[in-house]
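Accompanying notes for the structure given below.
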Amino acid sequence: MKQGHQNRKQDISIRFMPFDVSVEVPAGTNLLEAIREAGLPLKASCGGEGNCGECLVQVVKGSAGESYGTKPSAILSGELAGKGYVLACVTTVTGDITVDLPHFEELYIKSVAAFTLPDDEATGLSGSLEIGPIVSRVEIQVPAATLEDNYSDLARLEIGIRKAAGAEQVTCGRAVLKHLAAAIRQDDGRISATLFGTGPARTIIDLRPAGSAKPIYGIACDIGTTTIALSLVNLETGEVLNTAMGLNRQLKCGEDIISRINYASRPGGLDELRKLVVGTINTLIGKSIDGQGVSGGCISGQDIVYASVSGNTTMTHLLLGVDPRYIREEPYVPTFNRLSFLEAAGLGLALNPEARVYCAPAVGSYVGGDITAGLLATPMLRDTDKISMFIDAGTNGELVAGNKDWLMTCACSAGPAFEGGGVRCGMPATAGAIERFAITGDGDVEYKVIDSARPRGVCGSGLVDLLAELLVGGYVDRQGKIRKEAAGERLIEEDGSTGFLIERAEETYWGHDLVITERDITNLIRTKGAVFSACSLLLKQVGLTFDEVDAFYIAGGFGHHLDIENAIRIGLLPDMERERFHYLGNTSLLGSYLILISDDNRKLVEDVSRKMTYVELNTEPSYMNEYTGALFLPHTDLDLFPTIKKLLNRGQTPISR
């Protein structure tokens with residue numbers, strides 16, 4: 001052994017689930033440091049003192065037996081410790097182990113659960129379902145070279161493709177050239193060529209012997225601030241083979257867009273953010289192709305030749321490694337809104353290196369390709385006689401109003417509250433999350449938990465229900481302050497904070513009281529206020545009111561599970577006829593899919609993005625007045641919510657602020 005290695009600690013392997021990411025670190029490494037080295041999102045706001053509980057993880061011991069050590073902490077109950085839970089910040093790893101990050105459970109779901117095509121009679125699509133992608137495949141016979149006919153392999157191939165595809169110009173990249181000679185000789189010159197383009201110019205992006213050719217595959221990808229969803233698609237049939245969805249690993253760098261932009265300004269921050277989002281996408285690509293067998297073998301990343309990506313403006317900048325700082329600096333101008341096609345190899349995506357990547361166009365700094373693509377999943381681009389509103393109320397709330405003839409759009413900083421962030425009891429909509437609430441006349445709290453497990457927290461739809469029940473039941477006033485006398489035994493007062501007890505410690509998964517505090521309620525009111533005031537202002541810009549809106553389309557996973565009545569009760573949505581509201585699910589992913597299967601859809605999105613009028617709320621003087629008015633339950637002006645006014649006037653909740 002060399003002298004320099006005598007005191008070196010043995011490297012050990014740690015596998016992190018459900019992200020399925022592994023790192024090798026020296027024995028004795030702090031577990032939280034290892035998690036951060038793996039680029040995974042995990043908080044520890046106590047600074048590693050073991051008293052905040054945010055870095056709670058579950059350890060699966062390796063075959064060698066006990067392979068970790070953890071310091072005692074009052075925050076960790078004996079019951080949880082018995083199940084293998086530890087606090088990462090006070091845990092030292094000494095052997096190979098597998099670690100589960102329970103607060104960041106990735107979802108792996110079938111395509112039918114990711115998005116469904118709307119019933120044409122109920123809502124319909126603006127996008128076409130006809131298969132016509134910008135990539136295609138031709139099979140040709142390349143004649144063998146002779147001493148007399150000694151054209152190069154590429155020249156003979158180009159002649160055949162020009163005839164078969166009706167193209168005037170054919171080009172190819174280095175990755176194709178590297179194996180061109182072998183490919184045309186493997187099957188007596190019978191070649192299957194995958195081409196990019198629909199006009200007179202075509203680019204060869206994949207080349208294989210005809211006998212080993214597989215169908216053409218593409219991916220549709222929605223890059224959200226919180227979650228990323230990806231579908232694997234057979235481009236010859238339009239069939240969605242699989243869909244994988246998981247948390248955006250950039251969460252470790254901040255929960256919202258502004259915090260990501262700030263993080264990107266740190267030394268090395270931009271490159272780290274780019275690697276995190278690319279790593280998440282590549283993991284999801286791997287999951288989507290896992291087990292997908294086809295004639296001639298299983299699908300690999302090499303078989304995927306086209307990607308359609310949609311995301312907000314900041315997420316697209318970070319995917320490309322472009323500094324997003326000017327998005328948040330006046331006059332709020334991004335580096336780009338629209339781009340030509342990009343090559344997968346340059347982005348680091350685990351696809352065919354010659355695969356082309358299309359990013360749906362943005363309209364402004366805070367209205368991105370997730371909205372322009374999402375409009376394809378609504379009837380708004382084909383209706384001329386109806387006024388519609390479209391809202392994607394995620395971490396960044398984007399809105400569109402109009403019809404085929406005109407469209408206006410804006411975005412509000414909704415924050416992560418309804419996605420489980422910034423709320424003490426909040427969590428994503430995964431196993432153990434309370435998704436439905438009701439408070440009985442006797443004051444009993446009833447709830448429904450995802451997967452019928454012990455409650456771990458409350459997801460967005462559950463928070464809306466809870467806040468509505470607290471208001472209507474008289475447990476909070478219209479400012480969101482808890483009425484102590486009404487709360488009774490459920491009143492919690494500790495560390496200068498007042499809260500309402502949802503469930504006692506012995507009935508929860510983590511062994512701690514599940515509580516919503518006044519601070520949490522304030523965050524929820526701010527979030528709903530931002531969304532409602534943006535809707536109201538957008539309509540006022542064109543002299544309209546909510547009464548003149550024929551349809552209100554709600555996108556996103558949060559919207560899909562939202563109880564409309566409760567959303568109106570707290571002032572998140574306008575008080576209008578309930579039948580005007582329509583759930584559309586993940587329109588960004590569906591829109592990205594529509595772009596993937598039809599180049600006509602891509603052209604439509606390009607055209608729409610140029611026509612949309614963008615309203616920048618950051619510079620709109622009247623927005624703050626709208627926002628301030630919405631910081632009550634449901635609003636300072638109860639006449640805007642006539643049905644809720646009647647409900648509150650029954651004596652259950654005081655009308656006074």
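The values are calculated or read from the model by the stated rules, or taken from the named source; none is laboratory data. Only a predicted model underlies this, so the values are computations on that prediction, with no experimental measurement involved. Because the Cβ atoms are built from the backbone with ideal geometry, glycine has one as well, and the counts that use them run over all protein chains shown.
I need the strands (runs of 3 or more DSSP E) fully contained in the range 42-158, keeping only those with at least 1 residues that are at pLDDT 80 or above and either within 30 Å of THR203 (Cα to Cα) or β-branched (Val, Ile, Thr) (or both). Give the steps one after another, and end with the answer.
Values: elements: 56-60, 68-70, 85-87, 91-93, 97-100, 107-109, 135-141.
Qualifying strands (runs of 3 or more DSSP E): 56-60, 85-87, 91-93, 97-100, 135-141.
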Open item on the list: Take SER622 and tell me if it is among the polar types (S, T, N, Q), in contact with a Pro (Cβ under 9 Å, 6 or more places away or on another chain) and either in contact (Cβ under 8 Å) with a residue 40 or more places away in the chain or closer than 28 Å to ASN523 by Cβ (or both).
Closed with: no
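Considering only the range 447-543, give the helices (runs of 4 or more DSSP H) lying wholly within it that have at least 2 residues that are surrounded by 15 or more Cβ atoms within 10 Å (Cβ to Cβ), more than 29 Å from the chain's Cα centre (by Cα) and of a type outside the set (Gly, Ala, Ser).
Details: elements: 460-472, 484-487, 518-540.
Answer list for the range 447-543: 460-472.
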TODO: Among the residues of the range 379-424, count how many are in a loop (DSSP other than H, G, I, E, B) and closer than 27 Å to LEU42 by Cα.
DONE: 12
Open item on the list: If a residue must be among the basic types (Lys, Arg) and more than 29 Å from LEU573 (Cβ to Cβ), how many such residues does the range 465-519 contain?
Closed with: 2
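Restricting to the range 358-375, what's the tally of residues that are aliphatic (A, V, I, L, M) and over 18 Å from the mean Cα position of the chain (by Cα)?
Taking the range 358-375 first, the residues aliphatic (A, V, I, L, M) are 360, 362-363, 367, 371, 373, 375.
Filter once more, keeping what is over 18 Å from the mean Cα position of the chain (by Cα): 363.
Residues flagged as aliphatic (A, V, I, L, M) and over 18 Å from the mean Cα position of the chain (by Cα) within the range 358-375 amount to 1.
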Open item on the list: Looking only at the range 199-220, how many residues end up being under 30 Å from ALA362 (Cα atoms), surrounded by 17 or more Cβ atoms within 10 Å (Cβ to Cβ) and out of contact with any helix residue (DSSP H, G or I) (no Cβ under 6 Å at 6 or more places or on another chain)?
Closed with: 5
Task: Residues of the range 590-615 classified as touching a Gly at 6+ places or on another chain (Cβ under 7 Å) and modelled with pLDDT under 95, total - done: 1
